[in-house]
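Before any comments, here is the structure.
The values are calculated or read from the model by the stated rules, or taken from the named source; none is laboratory data. Please read all numbers here as calculations on a predicted model, not as lab measurements. Every residue, glycine among them, receives a Cβ derived from its backbone with ideal geometry; neighbour counts consider all protein chains shown. Side chains included, ligands, DNA and RNA excluded: accessible areas come from the protein's heavy atoms. Shrake-Rupley method; radii C 1.70, N 1.55, O 1.52, S 1.80 Å.
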Amino acid sequence: MKVCILGDGLSSLTLAKALVNQKIFVDVLAPKSEIISIKSRTIGISKSNTVFFNKNIINIKKYLWRLKKIEIYSDNLKNEKLLNFEGDNQQLFSIIKNHELYQALKKDLSKNKYFKKKQIKNKDLSFINNYEMIVNCNYHHSVTNKYFNKKITKRYNSFAYTTIIKHQKILNDTAVQIFTKKGPLAFLPISDNTTSIVYSVHNSIHKMKENIEDLIKVYNYKYKIKKIEKINVFELKSLNLRSYYHNNILAFGDLLHKIHPLAGQGFNMTIRDIKTLLKIIKNRKDLGLPLDSSVNNEFENKLKHRNFIFSNGVDLIHELFNLERKTQNNILSKSIQMVGKNSSINNIFTKIADKGIIF
């Protein structure tokens, strides 16, 4: 069995590693240019996804910073805690730097006999008939424009600013999300003396970039900051693809779904997709069946509705807090605060954040 993956980003290499571990030959086709890793970008990985990643893809324990708590606040309640999620003694969520995970996967795959990376131009379609199954993770390839151009997109009229702050050493095992008057701000610990920042600012223009440092300092209540690293910025939008596949070509990763970063669930959705795809492929291998379009059809049937509901759930959270921000009332925050005190409901929220929607 041989699978082709278009693109050499993080989702591509993660899927490639999962497949070669099943002794499936994988060719990654990508342009000559290297992926530029932004060192201020981090990923949150849920507990169940961490267990799956370590067992089925690559062991990333040494790169992870484990979080035991997640605290949610709102400007409208004058920094009163809205929600508080707590894990066991080891982990509720983990944070990992994008570029460290990418380099670990790249290094491991380079030594694997089942893996090859080949250079290809984004307009080249000559490879299509050479593979049983093609997984497209490349948003800019002509395959995307030809077969995967029907999608539901939404622009948030905001930008996400990411950076890393260096600070005095503390016990740093609690992530904090604050719904500020300008948008959601997340403090995501990555060591005892470094913390990742993701600030999604509404109606933002790049001229605001120099003010982000001041905004971070305004909402920082526990770190004695020594240095704020270079600030990077990207536009925020959501995306859901209408059709997951065309014949033997399957769309994957951010090409399938892209969500607002406020819940830290983007890459977690991709990991859950990999879980499902692996199960389908393992079953085909055990039965001696080829990897054809029926794999893609089964994948879409199992996941399309779940991913759509989950994506819209994250979008709903964003819109509700955005409405509260515009109307300058605290009804939503008060309601969430009351609901959060119910341990049963709190546990349901925690399970959905960990494992996604299961039904």
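A few comments on the model shown:
- Portion, in percent, of the accessible area of the chain that falls on carbon or sulfur, probe 1.4 Å: 51 percent
- Burial ranking of peptide ranges 92-103, 7-18, 345-356, 259-270 (average Cβ count within 10 Å, highest at the top): 7-18, 259-270, 92-103, 345-356
- Per residue, the accessible area of the stretch 129-179 comes to 48 Å² when a 1.4 Å probe rolls over the protein heavy atoms.
- Per residue solvent-accessible surface (Å²) - the stretch 182-338, probe of 1.4 Å: 46 Å²
- Share antiparallel - DSSP beta bridges, the chain, percent rounded to 5: 70 percent
- Peptides ranked, highest mean first, by Cβ atoms within 10 Å: ranges 61-68, 21-28: 21-28, 61-68
- Folded to 0 to 90 degrees: helix 343-355 orientation relative to the chain principal axis, Cα: 40 degrees
- Our compactness index for the chain, the C-alpha radius of gyration over the empirical 2.2 N^0.38 Å, is 1.01.
- Burial ranking of peptide ranges 171-184, 299-312 (average Cβ count within 10 Å, highest at the top): 171-184, 299-312
- At the listed q of 0.12, 0.13, 0.20, 0.21 Å⁻¹, the Debye profile of the stretch 1-152, built from one uniform point per Cα, gives log10 I(q)/I(0) equal to -0.64, -0.72, -1.23, -1.30.
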